[in-house]
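The values are calculated or read from the model by the stated rules, or taken from the named source; none is laboratory data. What you see is a predicted model; the values in this text were computed from it and never measured. Ideal geometry is used to build each Cβ from the backbone, glycine not excepted, and the neighbour counts take in all protein chains shown. Accessible surface is based on the protein model in full, side chains and every heavy atom, while ligands, DNA and RNA are left aside. Shrake-Rupley method; radii C 1.70, N 1.55, O 1.52, S 1.80 Å.
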Amino acid sequence: MAIKTFSVSTLPGFTATAVIVFVALYLPILTLVAYSFNASQSVAIWGGFSWDWYIKAWNNDAVKDATVRSLLIAVCAAVISTAVATMAALGTTRRKAFKGQTFIYVMINQPLMVPEIVTAVSLLILFGMVKQVTGIQGIGYVIFAHAAFCIPFAYLPIRARLEGMDLTLETAAADLYASPWQTFRHVTLPILLPGVIAGAMLAFVISLDDVVITEFTKSGGQDTLPTYMLGQMRRQLTPEINAISSMLLALTIVLLTAFFLLTRKND
Amino acid sequence: MSQLNAVEARHAVKAFGQGDNAVRALNDVSVEIRKGEFFTLLGPSGCGKTTLLRLIAGFEMPTSGTILLEGADITYLPPNKRPVNTVFQSYALFPHLTVAQNIGFGLEMQGRPKAEVKATVDRMLALVKLEAMAGRKTSQLSGGQQQRVALARALAPSPKVLLLDEPLSALDLKLRREMQSELKRLQTETGITFIFVTHDQEEALTMSDRIGVMSAGKLQQVGTPREIYTRPLNRFVASFIGETNFVPATSDGSTLTVAGGYQMPAPAATKSGAVTVTVRPEQVKLTPTAEPGTLPATVRGVVYMGTDMNYQLHLADGTEIEACVVSDVTGEAALAAGQTVGVTFTPGSLQVLED
């Protein structure tokens, strides 16, 4: 006879709880996507199927402008934060454990712990001072802010990948006449690559999605897709918002699926 | 003449840690390893054998002392500048490369021409009988196949010395036996000096031209397997390699009195006074009765071991020893527990220990 062990699935109400949780998670999203095909003007009353809102959104110059800006910021932020995160991960794992290692981890992951609104306000104040002194304007401030808070999201998958990597591999490369640079180029980096790509995609998605920090650091006419949508909410709400959200969702799903496949292949 | 030596360590010391907490993994080790020989560093874990290997490979620098390769000082040369390759205990195969790419890695890093790399890789694949696996990823191979890739990878650049760090410890017994003869064959075919690290005394005895026995950061004895087995210098070497008996004896410089009764001529340069002698169980001879000239002993126990019969004996002076006798056709013990027997030793089989 098998020994009975504790299992949550035998608790009363387990199935009901699970169903409620999944409904709460997915019903709003499903509704959003469904109503993006709504032919009526209202976001709440169904008026038949149509592609109209997608076409409207596609032809809306403000949406186009915000989308291009969002993608630009996300790509720049992902590239910068991934480069920094890769160096940080190499610096914290490819060596023997050192004093203050945990402290360094916490320092790197600061954006995960400090409330976003605090970071946003502090950036607003700092950037205001910098703009006053230098007179420099532009999108660079938003990119800088995004790159900074994306670092931990890029860092975590890269570090996980590095920690699973046998330190002996680099010793073996050195033993086989590889210089330190050749070792990095031919052994460390190729093995690390799935982690780097995963980190970059995660950073990209996080940047693409950000509202709070963007809202505080952008100047006039620098709307990203999320801040544009937020602005629209204050006026008239049409299923165009649903259509934009659905497209954003589709892009995110594609990226996160790729992220999942890449990190799963590790083992 | 140092020109004959592939590798030489002179007074190598390696300390880990600082000040009072420092541990000497290697404590003044000097050894000469000849060109083309299969040399084994044998010892229990923590004896410093792997540390010595890492000094030769260049993964560690000694705290003091010198490492020479064919007479040239390589003590502080980085590993990628040493014509020495290593087979790692964990194999450390590159998971992102194919079998052929793994084997060609060293040659590629040396910048050898493509055609030469390919030719050498093909030759190595044939040498370790893995031609069919050239395009596979290393994770698709069995443990024994991975082992052979690791060997081929380390041999491909034709190193002056091949270092093997317990490479067989992860394999099961049958595969280990196969790889032992495979290694020996590769060493003979390539003529490369092999330095093999193991804690397995049987492995050391069967494969090596010479063995260096290590303990507590020191080299205890260097010699051929036969010398190490039959002429151990001290108690550690005698007990680490095979089964053995320790018997107290006294010496007057010319005659050795063993266990208070048995007399034999003392080997040259035996110090006078109380000494310890060692004798292998298979060199202990038994007679059914305690005849004159033999040591009387009581049989304490009899263990049937298949090919051998193992007798536990209690000598008159209180020493316990074991005798190992080849079983007869019936497998019946010739002597019974409680019986008094006579003990003698094969002439020349007694070895006086230094300590």
Worksheet, complete the sentence: Restricted to the range B:105-117 and to residues being part of a helix (DSSP H, G or I) and farther than 27 Å from A:L192 by Cα, the residue farthest from the other protein chains (Cβ to nearest Cβ) is B:A115
Discussion item. Suppose we filter B:F105, B:F94, B:F16, B:F38 for residues that are of a type in the set (F, W, Y) and in contact with a Ser or Thr (Cβ under 6 Å, 6 or more places away or on another chain); which single one remains?
Written reply: B:F38
Discussion item. Give all pairs with beta carbons closer than 7 Å in which a residue from the range A:140-165 that is modelled with pLDDT of 90 or more meets a residue that is assigned to a loop (DSSP other than H, G, I, E, B) and not hydroxyl-bearing (S, T, Y); count only pairs at least 6 apart in sequence or on separate chains.
Written reply: A:V142/A:K218; A:V142/A:Q222; A:H146/A:D210; A:P152/A:N109
Item to complete: For the range B:290-317, name all the residues that are hydrophobic (A, V, I, L, M, F, W, C) and surrounded by fewer than 20 Cβ atoms within 10 Å (Cβ to Cβ).
Response: B:A290, B:V299, B:V302, B:V303, B:M305, B:A316
Response to the item:
The residue from B:S158, B:S169 that alone is in contact (Cβ under 8 Å) with a residue 12 or more places away in the chain and at positive phi is B:S158
Worksheet, complete the sentence: Taking the range A:230-247 and keeping only residues that are open to solvent by 30 Å² or more (accessible area, probe 1.4 Å) and within 18 Å of the chain's Cα centre (by Cα), one is left with A:M247
Discussion item. Residues that are open to solvent by 20 Å² or more (accessible area, probe 1.4 Å) and within 25 Å of B:A204 (Cβ to Cβ): list the strands (runs of 3 or more DSSP E) wholly contained in the range B:2-77 that include at least 3 such residues.
Written reply: B:5-16, B:23-34
Practice prompt. Test B:L164 against the stated conditions and say whether it is within 14 Å of another protein chain (Cβ to nearest Cβ), assigned to a strand (DSSP E or B) and surrounded by 19 or more Cβ atoms within 10 Å (Cβ to Cβ).
Written response: yes
Practice prompt. Mind listing whichever residues of the range B:34-69 are out of contact with any strand residue (DSSP E or B) (no Cβ under 7 Å at 6 or more places or on another chain), within 14 Å of chain A (Cβ to nearest Cβ) and within 17 Å of B:P167 (Cβ to Cβ)?
Written response: B:R54, B:F59
Practice prompt. Scan the range B:306-343 for residues that are outside any loop (DSSP other than H, G, I, E, B) and within 30 Å of the chain's Cα centre (by Cα) and report the count.
Written response: 13
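Residue-wise test of (1) within 25 Å of the chain's Cα centre (by Cα); (2) more than 14 Å from chain B (Cβ to nearest Cβ).
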residue: A:T119; (1), (2): yes, yes
residue: A:L123; (1), (2): yes, yes
residue: A:Q137; (1), (2): no, yes
residue: A:Y141; (1), (2): yes, yes
residue: A:H146; (1), (2): yes, yes
residue: A:P157; (1), (2): yes, yes
residue: A:A174; (1), (2): no, no
residue: A:R185; (1), (2): no, no
residue: A:L192; (1), (2): yes, no
Item to complete: Output the residues belonging to the range B:266-289 that are under 12 Å from B:Q339 (Cβ atoms) and either open to solvent by less than 50 Å² (accessible area, probe 1.4 Å) or of a type in the set (K, R) (or both).
Response: B:L286, B:T287
Worksheet, complete the sentence: When every residue in the range B:92-104 that is assigned to a helix (DSSP H, G or I) and open to solvent by less than 10 Å² (accessible area, probe 1.4 Å) is compared, the one farthest from the other protein chains (Cβ to nearest Cβ) is B:V99
Worksheet, complete the sentence: Restricting attention to the range B:123-149, the residues that are closer than 11 Å to B:A100 by Cα and within 14 Å of chain A (Cβ to nearest Cβ) number exactly 4
Response to the item:
Exactly one of B:T190, B:T206 is closer than 23 Å to B:T86 by Cβ, open to solvent by 30 Å² or more (accessible area, probe 1.4 Å) and within 16 Å of the chain's Cα centre (by Cα), and that residue is B:T206
Worksheet item: So which residues in the range A:180-197 are touching a residue at least 40 places away in the same chain (Cβ under 8 Å), open to solvent by less than 50 Å² (accessible area, probe 1.4 Å) and of a type in the set (A, V, I, L, M), if there are any at all?
Response: A:L192, A:V196
Worksheet, complete the sentence: Subset of the range B:235-245, residues touching a strand residue (DSSP E or B) at 6+ places or on another chain (Cβ under 9 Å) and free of Cβ contacts under 8 Å to residues at least 60 places away in the same chain, comes to B:F236, B:V237, B:S239, B:T244
Worksheet item: If you go through the range B:70-91 one residue at a time, how many are within 14 Å of another protein chain (Cβ to nearest Cβ) and more than 20 Å from A:P180 (Cβ to Cβ)?
Response: 4
Worksheet item: Is at least one residue of the range B:21-41 touching a residue at least 40 places away in the same chain (Cβ under 8 Å) and over 21 Å from the mean Cα position of the chain (by Cα)?
Response: yes
Worksheet item: Can you tell which of B:T206, B:T138, B:T198 is of a type in the set (S, T, Y), out of contact with any Gly (no Cβ under 7 Å at 6 or more places or on another chain) and farther than 30 Å from B:E243 by Cα?
Response: B:T138
Discussion item. Could you tell me how many of the residues in the range A:219-252 are within 22 Å of A:I55 (Cβ to Cβ), among the hydrophobic types (A, V, I, L, M, F, W, C), out of contact with any helix residue (DSSP H, G or I) (no Cβ under 6 Å at 6 or more places or on another chain) and without any contact (Cβ under 8 Å) to a residue 60 or more places away in the chain?
Written reply: 4
Worksheet item: Within the group B:P267, B:P281, B:P347, which residue is at pLDDT 90 or above and closer than 25 Å to B:V222 by Cα?
Response: B:P281
